[in-house]
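Engineer: Mind looking over this structure? Questions follow.
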Amino acid sequence: MLNKQSLTAAIVSILCCAGVQVDGAKPPKGGGGGNHIQRGIQLAQEKHYDAAADEFGKAIKDNPKDARAYANRGTAYRQGARTAIEAGDSEGASTRYQAALADFAKYIELSPKDASGYTEHGQTLSELKQYDAALADFNKALEMKPDDLNTVKFRGFAEIGLNQWDKAVADFSAVIQKKPDDLQSYDRRALAYRSMKNYDAAIADYTFLITKNPNDMEATTKRGYTYSLAQQYQNAIADYQAELKVNPQDNDTFQRMQYAQSMLAAKNASPSPTPPIPSPTPEEEKGLMDKISPLYIGIGVVALVIIAVLVRLLTRGKAEPTSHRIR
């Protein structure tokens, strides 16, 4: 289960970042580039991302200084990379991501004062799990445009990727303050809170999501897991049961519920009685001297005297040994 949570955090950018829409651009005065851009936008809306990228490439050929054409092609490449990931084509995804990075870098070169270029470049890096570099891009974009909530949110995703939980909480809280119905920010902030072991705050965010959408079984399952981490097993079981009622074949949730049930049973089990330690008897409490009577003491003294007399009689008249050592 922990591996699944780690994987979720690692790919959060791909799953959660809302892709910036392919933008239109004013046709250059020279002529045909604008037609290629409009055609590329249409193809992108139809999810033909590679064909859209080709059209934007034609626009770039007509006008190599058209920054928006690079931005649009970079976005088409990135969307194509996501599609390739879904299809299991990791090599194709990597190629498209690198092409997207190159186009966004060119976008920044041609429009260095446009904050969105850094945001787009950073978002692509984040999807490649290059979180440190992505963070630098997001910070640069926010220096230029501090109130861009999308960039603040993207930075929060990168901070989650870097396990910078407190910073992620701050960024998602800033988004929520301005957009109180941004459900995605509640979900990501709950993950950050839970990773900080601030279980009450995480549960509150998941509860908000469930209140907004009672059929959100994903939030219900996440809250159940958080309850389990907080050792509130009864609440965890209730959430897991709600999920299994909707998705009875969810084996992961079933196993989590079994774990919570076993932990609850162990928690509620009465401790096994320990055998009482027997109290010492009065005889055991007596010391050695208490067990020796005066009679025994007297007999012992007389015996010692007799032994001393006998020794003296036996040794009387014998020459004492001398030592040959020189003194």
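Engineer: I'm trying to understand the selection: among the residues of the range 148-168, which are of a type in the set (A, V, I, L, M, F, W, C) and surrounded by 17 or more Cβ atoms within 10 Å (Cβ to Cβ)? Steps first, please.
Structural biologist: Filtering the range 148-168 for residues of a type in the set (A, V, I, L, M, F, W, C) gives 149, 152, 154, 157-158, 160, 162, 165, 168.
Scanning the range 148-168 gives Val152, Phe154, Phe157, Ala158, Ile160, Trp165, Ala168.
Engineer: State all residues of the range 246-267 that are out of contact with any Asp or Glu (no Cβ under 8 Å at 6 or more places or on another chain), of a type in the set (D, E, K, R) and open to solvent by less than 70 Å² (accessible area, probe 1.4 Å); if no residue qualifies, say none.
Structural biologist: Initial filter on the range 246-267 (out of contact with any Asp or Glu (no Cβ under 8 Å at 6 or more places or on another chain)): 246-249, 251-252, 254-267.
Now drop any that are not of a type in the set (D, E, K, R), which leaves 252, 256, 267.
Matches in the range 246-267: Asp252, Arg256.
Engineer: Across the range 82-105, which residue is most open to solvent (accessible area, probe 1.4 Å) among those that are farther than 17 Å from Thr119 by Cβ and of a type in the set (A, V, I, L, M, F, W, C)?
Structural biologist: Checked the range 82-105; the qualifying residue most open to solvent (accessible area, probe 1.4 Å) is Ala87.
Engineer: Select from the range 106-125 the residues that are charged (D, E, K, R), in a helix (DSSP H, G or I) and without any contact (Cβ under 8 Å) to a residue 60 or more places away in the chain and write down the one among them that is most open to solvent (accessible area, probe 1.4 Å).
Structural biologist: If we take residues in the range 106-125 being charged (D, E, K, R), in a helix (DSSP H, G or I) and without any contact (Cβ under 8 Å) to a residue 60 or more places away in the chain, then Glu109 is most open to solvent (accessible area, probe 1.4 Å).
Engineer: Output the qualifying pairs, or none if there are none: Cβ atoms under 7 angstrom, residues six or more apart or on different chains, first residue in the range 211-229 and under 17 Å from Asp181 (Cβ atoms) and surrounded by 14 or more Cβ atoms within 10 Å (Cβ to Cβ), second residue at pLDDT 95 or above and not charged (D, E, K, R).
Structural biologist: Listed pairs, sorted by first residue: Asp216/Leu209; Asp216/Ile210; Ala219/Tyr206; Ala219/Leu209; Ala219/Ile210.
Engineer: Looking only at the range 126-142, filter to residues that are assigned to a loop (DSSP other than H, G, I, E, B) and without any contact (Cβ under 8 Å) to a residue 40 or more places away in the chain; which one of those is farthest from Glu159 (Cα to Cα)? I'd like the intermediate steps shown before the answer.
Structural biologist: Pass one, the range 126-142, residues assigned to a loop (DSSP other than H, G, I, E, B): 128-130.
Those still in the list that are without any contact (Cβ under 8 Å) to a residue 40 or more places away in the chain too: 128, 130.
Values: Leu128: 14, Gln130: 11 Å.
Ranking the qualifying residues of the range 126-142, first place goes to Leu128.
Engineer: I've got another one for you. Examine the range 47-57 for a residue that is open to solvent by 20 Å² or more (accessible area, probe 1.4 Å) and in contact with a Leu (Cβ under 7 Å, 6 or more places away or on another chain), and state whether such a residue exists.
Structural biologist: yes
The values are calculated or read from the model by the stated rules, or taken from the named source; none is laboratory data. On a predicted model such as this, the values are computed, not experimentally measured, just so you know. Glycine also receives a Cβ, built like all others from the backbone with ideal geometry; neighbour counts cover every protein chain displayed. Side chains are part of the model used for accessible areas, which takes the heavy atoms of the whole protein and leaves out ligands, DNA and RNA. Shrake-Rupley method; radii C 1.70, N 1.55, O 1.52, S 1.80 Å.
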